[in-house]
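See below for the structure under consideration.
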Amino acid sequence: QVQLVESGGGLVQPGGSLRLSCAASGFRFSSYGMSWYRQAPGKERELVATVTSTGSSVNYAESMKGRFTISRDNLKNSVYLQMNSLKPEDTAVYYCNADCAHYSCFGRNYWGQGTQVTVSS
């Protein structure tokens, strides 16, 4: 059973910080690039950050650069998103995504259920 379970969301004041976690199970975690996406009410889902399967490279959407940090721990089958200097426009449901980066599993893609982040005073 493949599972991606996000946690760490909640209500935070503008300028505050949150650390999201995504616990993966049911697949070979180290073969998958991991990403965080988000979707705000009335808006399309957008990519927040990506880390390669080996952790050798990370990428961020422009609005997240300098504020968010993605990381992974392949021994714990987990990926994290450290969010600092949060703004009201960061309010969204944040989703964990796994995308195969190895020949043994190309084409496989999994999603978590999402965790709500609300930035408000």
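The values are calculated or read from the model by the stated rules, or taken from the named source; none is laboratory data. Treat the numbers as computed from the prediction; the structure is a model and nothing was measured. Positions of Cβ are generated from backbone atoms using ideal geometry, with glycine treated the same way; all protein chains shown enter the neighbour counts. Accessible surface areas use protein heavy atoms only, side chains included; no ligands, DNA or RNA. Shrake-Rupley method; radii C 1.70, N 1.55, O 1.52, S 1.80 Å.
Could you tell me what fraction of 2.2 N^0.38 Å the Cα radius of gyration of the range 48-105 comes to, as a two-decimal ratio? The value comes to 1.23.
Over all pairs of different C-alpha atoms, the chain has a mean inverse distance whose reciprocal, the Kirkwood radius, equals 14.3 Å. Put a plus charge on the Cβ of each Lys and Arg, a minus charge on the Cβ of each Asp and Glu, and nothing anywhere else: the dipole of the range 29-119 about its Cα centre is then about 100 debye. Accessible surface computed residue by residue for the range 56-96, with neighbouring protein chains in place and a 1.4 Å probe, gives 50 Å² per residue.
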